[in-house]
């Protein structure tokens, strides 16, 4: 049976930064978001952590499968796939569309509001 693990693709410095769970653990996006990604974003953008905790759909996200598939719901590109491959150490990855991995407009707006509040 194939296993999967979540990743987040963040735009931190005008470049895509892929965040991978330690040991490529098969955990939910929500748990990965709360434990790792939201604290990282809070520190990076100097915004409060608490409001970020409920916004796991504000950043690009995907799931990587042991079968070499990257389940992703947004615009796919060869460059992004290479970036994911390099960050995960997985070779021969292929895209697989998954509507579940699309960001939610409300979450994106809330995140941008938090960032704007800080500046």
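Can you pull the semi-axes for the chain, root of five times each eigenvalue of the Cα gyration tensor, sorted largest first, whole Å?
With the √(5λ) rule applied to the chain, the semi-axes are 24, 14, 13 Å.
For the range 46-109, what mean projected area does the convex hull of the alpha carbons give, in nm²?
If you wrap the Cα atoms of the range 46-109 in a convex hull and average its projections, you get 5.4 nm².
Obtain the nm distance between the two label points defined at residue 81 and residue 66 by a simple spin-label model: each point lies 7 Å from its Cα along the Cα-to-C-beta direction.
The two pseudo-label positions are separated by 2.3 nm.
Sorted by packing (mean other beta-carbon atoms within 10 Å per residue), highest first, where do 45-52, 27-34 land?
Per-residue Cβ counts within 10 Å, averaged per peptide and sorted highest first, yield 27-34, 45-52.
Relative to the longest principal Cα axis of the chain, at what angle does helix 78-88 sit, 0 to 90 degrees, rounded to 10?
So the helix axis and the longest Cα principal axis differ by about 90 degrees.
State the Cα centre-to-centre distance between the range 53-119 and the range 11-48 in whole Å.
The distance from the Cα centre of the range 53-119 to that of the range 11-48 comes to 11 Å.
In whole percent, what relative contact order does the chain give with Cα contacts below 8 Å and a gap of six or more residues?
Details: 178 pairs, mean separation 33.1, N = 119.
That works out to 28 percent.
Can you order the peptides 59-68, 6-15, 75-84 by their average number of other Cβ atoms within 10 Å per residue, highest first?
59-68, 6-15, 75-84
Using packing as a proxy for protection, rank 37-44, 106-113 so that the peptide with the highest average count of other Cβ atoms within 10 Å comes first. Don't jump to the answer; show the numbers that get you there.
Numbers: 37-44: 17.2, 106-113: 14.2.
Packing order, densest peptide first, comes out as 37-44, 106-113.
Give the angle, between 0 and 90 degrees and rounded to the nearest 10, that separates the Cα long axis of helix 105-118 from the longest principal axis of the Cα atoms of the chain.
Tilt relative to the chain: about 50 degrees.
Given the range 72-119, report the % of alpha carbon pairs whose separation exceeds 14 Å.
64
Laboratory data are not the source of any read-out in this text; all were calculated from the coordinates shown. Bear in mind that the values here come from a model prediction, so they are computed numbers and not experimental data. Heads up, the Cβs are rebuilt from the backbone with ideal geometry, glycines too, and the neighbour counts pull from every protein chain shown.
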